[in-house]
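Here's the structure we're looking at; comments come further down.
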Amino acid sequence: MQLIALALGVFVASGVGEVVIPWWNNAVYYRILVDSFKDGDGDGLGDIQGAAKQISYVRALGADAVILSPLSARSTDCSKAGTVDFTQIDPRYGDLDKFNNFLKKANKLELKVVITLHFEAISTASEWFNFSAERKIGYEDRVLWREGTPDEAPTIGHSLVNWTWHGDRNAYYGASNNEALLNLCSENTAEALSEAQCIWLRRGVAGVLLRVNFDLDRNCSTKLLRKLKADAMSCVRGVNLETPVIIVENAVSPTASGEYYGDEGIGANTVISNALTAATRPSAPDLALAIHAVMLYSPEDMAPTWLTSAENENRITTRYGGDMVDAINLLALILPGAAIIQQGDELGVADTLLEWATNTDCWPILGTPSAAPFPWDDTSGAGFTSGQPWLPLAPNYRYANAKTEFANDLSHVGVVRIAAAMRKSPAMGPHTEIKRLGDAIAVLRWGGTGSLLLVINLSQDQTEVELSRIPGLPSVMTVATSSGGSSVNSGLHVNIEKGLKLKSSEAVLLAGSHRHCGGPGPVDKIASKLSEGWQKINKYFST
């Protein structure tokens, strides 16, 4: 699933020839699933109170912002799943006072807060649905309806749309995952969703993550997103708030993303890429190609945002194995642009086994293997709750937990913290070079006062990487950090002229002095040839 981030606003000039880059261009986001982050009241479900208690952990990782999963009120009847009110906070997560306390604590830690809004479907128990079924003025077309008879369902629409007969309305409504689909082509629906967005922005969040997919008519999705962008600006200006960031989550391939950029689109300024979230372990050629494709299809002068794991999809450990955790996290943090670390990926947490579930309560969201409760320690409840967790704990939580890993500088958390710090150092230059070196991939950041080089062996066997194939590197570079179990320890000096032996999945981040591009480059060579040509022509005519 592709994510597209929209930055609302423009660069602000702070001097002659100088621009201020928006904070979201290079931000490190930590994406929290509130249901599984921390239970503050002992009922087994994560909540705002628990998130506020542990939010300092996110800052300690080196993150700049936190993305909260949806908090909107949802149906307590699981046979009528879905959101019942986009503007209210679900009581199972907390209330507005607890949310304000969370914002206050995050702001004190200098953490931005982004809230998630899924504007696609609604519960059949909601007021919107019932009023729409009654054809109440202003609500008639908020839900996706199609005329028909009880014996003949509509055939139009996406394969994932289930048409369900409603006797009172004498029509079919579109449904997906037992929720009624909203009619995103309706101006009335768009206005209501815009108002809901404004309420959240005025509560003091730094932005919103929107999911607005309407497979029946993609043009309606684009039109709605364009409206939400414009209305968000009007909303914050009215109360003198800072320009918000809007992150849009859409199932869009890189080649189809053009509709979201430029004057004809909704003004997107960065692509949030799923190049690092492939279902199967990538090879060096495949990963290099995926990264290059994302950077190629990004808008001009814009950088992508890299995601470690997609929402509701398998985590790194389950997808590729625990030995690839550091490699993926390092890539997300070293590649140009912003990064989103999915909750638990910094620890190497594995997906849970739903077959172990014994709790049958109706929870706000549907449990998935990747929603395993966050392991704070190795106790019976993993420090997540004093009661029974709403989902079974991850099978590896006894050693992959925050308490154990924070005490070890060589752990997955240790690697993330060092990389997050290095990306803010002068060595993190503005230029990027990505190379495939046999079975390995190398990412070079240069152009600053120093240079950073990330090298990852993606093969199943040991390989020897010839770093000298990258021109201009300093003769000696120092290991800033390396993946768990690496024989290349932090602080080790590496001679670039010698081959670097890496085990399977091993990743090494090197730091050194600035890059020296000695000798004539391509432009210099072309200019020299042109000069020689003109000299010959002038000599010919002079004789």
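The values are calculated or read from the model by the stated rules, or taken from the named source; none is laboratory data. Keep in mind the model is a prediction, meaning the values are calculated, not measured. Methodologically, a virtual Cβ is constructed for each residue, glycine included, from the backbone with ideal geometry; neighbour enumeration extends over all protein chains shown. These accessible areas exclude ligands, DNA and RNA; they are computed on the full protein's heavy atoms, side chains included. Shrake-Rupley method; radii C 1.70, N 1.55, O 1.52, S 1.80 Å.
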Can you run down the residue pairs with Cβ atoms below 7 Å, 6 or more apart or on separate chains, where the first is in segment 109-134 and closer than 30 Å to E242 by Cα and the partner is in a loop (DSSP other than H, G, I, E, B) and among the β-branched types (V, I, T)?
V113/V205; V114/V205; I115/V205; F119/V212; E120/V212
Residue count, segment 105-154 (criterion: among the hydroxyl-bearing types (S, T, Y), in contact with a strand residue (DSSP E or B) (Cβ under 7 Å, 6 or more places away or on another chain) and not in a strand (DSSP E or B))
4
Looking at (1) modelled with pLDDT of 85 or more; (2) buried (at least 18 other Cβ atoms within 10 Å of the Cβ); (3) more than 16 Å from S72 (Cβ to Cβ), which one does N178 not meet, given that it meets all the others?
(2)
Can you list residue pairs whose Cβ atoms sit under 7 Å apart, with the first residue in segment 220-238 being farther than 19 Å from G204 by Cβ and the second being open to solvent by 30 Å² or more (accessible area, probe 1.4 Å) and in a helix (DSSP H, G or I)? Count only pairs 6 or more apart in sequence or on different chains.
T222/E259
Scan segment 421-439 for residues that are closer than 13 Å to L458 by Cβ and out of contact with any strand residue (DSSP E or B) (no Cβ under 7 Å at 6 or more places or on another chain) and jot them down.
R436
Scanning segment 155-181 for residues that are of a type in the set (G, A, S), within 18 Å of F214 (Cβ to Cβ) and in a strand (DSSP E or B) gives G174, A175, S176, A180
Answer residue from segment 320-343, given it is more than 30 Å from D77 (Cβ to Cβ) and part of a loop (DSSP other than H, G, I, E, B) and is nearest to the chain's Cα centre (by Cα) among those
G337
Quick one: in segment 182-228, of everything that is more than 23 Å from E311 (Cβ to Cβ) and of a type in the set (G, A, S), which residue is surrounded by the most Cβ atoms within 10 Å (Cβ to Cβ)?
A190
Going through segment 17-56 in order, the residues found to be farther than 26 Å from C362 by Cβ and assigned to a loop (DSSP other than H, G, I, E, B) are G17, I21, P22, N26, A27
Matching residues in segment 127-143 - criterion: being under 19 Å from S75 (Cα atoms) and of a type outside the set (D, E)
W128, F129, N130, F131, S132, A133, R142, V143
Strands (runs of 3 or more DSSP E) wholly inside segment 382-498 that include at least 2 residues being open to solvent by less than 10 Å² (accessible area, probe 1.4 Å) and more than 19 Å from G62 (Cα to Cα)
440-446, 450-457, 476-482
Just give me the residues in segment 57-79 being modelled with pLDDT under 95 and outside any loop (DSSP other than H, G, I, E, B), in sequence order.
C78, S79
Please state which of the following conditions I156 fails to meet, knowing it meets all the rest: (1) surrounded by 13 or more Cβ atoms within 10 Å (Cβ to Cβ); (2) under 35 Å from the mean Cα position of the chain (by Cα); (3) farther than 25 Å from Q197 by Cβ; (4) not charged (D, E, K, R).
(1)
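For segment 313-333, indicate whether the set of residues that are in contact (Cβ under 8 Å) with a residue 24 or more places away in the chain and more than 28 Å from Q462 (Cβ to Cβ) is non-empty.
Yes, the conditions are met somewhere in segment 313-333.
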How many residues does segment 71-87 hold that are out of contact with any helix residue (DSSP H, G or I) (no Cβ under 8 Å at 6 or more places or on another chain) and open to solvent by 20 Å² or more (accessible area, probe 1.4 Å)?
7
Given (1) open to solvent by 10 Å² or more (accessible area, probe 1.4 Å); (2) of a type in the set (D, E, K, R); (3) touching a strand residue (DSSP E or B) at 6+ places or on another chain (Cβ under 7 Å), where does D90 come up short, assuming only one miss?
(1)
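Each row is one residue, and each column tells you yes or no for (1) among the polar types (S, T, N, Q); (2) within 15 Å of H514 (Cα to Cα).
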| site | (1), (2) |
| --- | --- |
| M428 | no, yes |
| R436 | no, no |
| I456 | no, no |
| S468 | yes, no |
Restricting attention to segment 358-368, which residues are open to solvent by less than 50 Å² (accessible area, probe 1.4 Å) and over 19 Å from E179 (Cα atoms)?
N359
